[in-house]
Amino acid sequence: MCPTRERGWGEEVRSGYVRPGGPLVSRPASLFSNGIPSVPGIIGEGADATGRCRYNHLLMDEGHIGVDESGKGDFFGPLVVAACFVGPEHLAELDGVKDSKKLTDKQSIGLAIRIKAVCPHSIIAIGPAKYNELYAKFKNLNSLLAWGHARAIENVLELQPSKMVISDQFAAGGAAVKRALYEKGKEIEFRSMVRAEADIAVAAASILARAEFLRRLQRLGEEFGVPLPKGATNVIPTGRVFVAKHGREALGNVAKLHFKTTQQVLAG
């Protein structure tokens, strides 16, 4: 089981460990004529017609870190950021890994178990109450995301050296993430790109983040006795039920209060 520790910001950090020389599934990765492993299950922007990510063939000799988040567009639940290192030795076990938005919840949860078992990773989950506190401090979602991405990247670098990290382009050029990195992270090459989930390491990180978001969203609903839906457009009736049951002051324990949805919920 991955160790869990609390950091000063109040987020939960889980870091996955891979035993060098540990067992791998015997099914090999497919090879192209040049001997480069294909990327299982990755089709989309950034991939060629065979499904091989254009970026991975440059990076998979040594592997690289991908980072992604889940929950930033959901009214209820936490913000979760995950970073994951994928090397050529991991590809055989990552069949089916792709952008979590193209997977069902059940598929994401199942794949996350497999990814955690083989890939060095870090998952940072910021619950709604802490999220609201940090958002009031940062005053900007991108700044909060940059901080979370940087911490997840640093955690993975403690487990697995890497020369490169790939992220989606939520901040122009990744400059905000670079500024938030500590000393070890400042030495790494950082690439941010549109539709970065076409890269297998980013896709793996997106699955880890989504699975953790789903787990925590369900747990919050069970804790407060109100099932909490995903998304931001179909949540107003549930928000009003929650407020009627627990009071206005409790809404920040389950929801991101800077959303315009908050006013619509409280106006009911």
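Quick note: the coordinates plus some simple rules give every number you see, no bench work behind them. Because the structure is predicted, anything quoted here is derived from the model rather than measured. Backbone-built Cβ (ideal geometry, glycine too); neighbour counts: all protein chains shown.
All alpha carbon pair distances within the stretch 181-268 were sorted into 10 Å bins beginning at 0; the resulting P(r) in whole percents reads 14, 34, 23, 21, 8, 0. For the stretch 56-115, what does the alpha-carbon gyration tensor say about shape, rounded, prolate or oblate, given a ≥ b ≥ c as the root eigenvalues, a/c under 1.5 as rounded, and a/b over b/c as prolate? Because a/c hits 1.5 or more and a/b exceeds b/c, the stretch 56-115 counts as prolate. The charge dipole of the stretch 150-268, taken about its Cα centre with unit charges on the Cβ atoms of Lys, Arg (+1), Asp and Glu (-1) only, comes to about 380 debye. Apply the a/c threshold of 1.5 to the C-alpha gyration tensor of the stretch 118-268 and tell me whether it is rounded, prolate or oblate. The shape class here is prolate. For the peptides 119-126, 198-205, 237-244, residues were scored by their other Cβ atoms within 10 Å and the scores averaged per peptide; the highest-first order is 198-205, 119-126, 237-244. Shape class for the stretch 82-186: oblate, because the ratio a/c of the largest to smallest gyration tensor axis (alpha-carbon atoms, square roots of eigenvalues) is 1.5 or more and b/c is at least a/b.
Past 25 Å, Cα to Cα, is the threshold; run Lys137/Lys260; Lys101/Lys256; Lys106/Lys245; Lys102/Lys163 against it and keep the listed order. Pairs exceeding 25 Å: Lys106/Lys245; Lys102/Lys163. Ranked by the mean number of other Cβ atoms within 10 Å per residue, highest first, peptides 96-106, 159-169, 73-83, 218-228 order as 73-83, 159-169, 96-106, 218-228.
The distance from the alpha carbon centre of the stretch 138-212 to that of the stretch 95-115 is 20 Å, rounded to a whole number.
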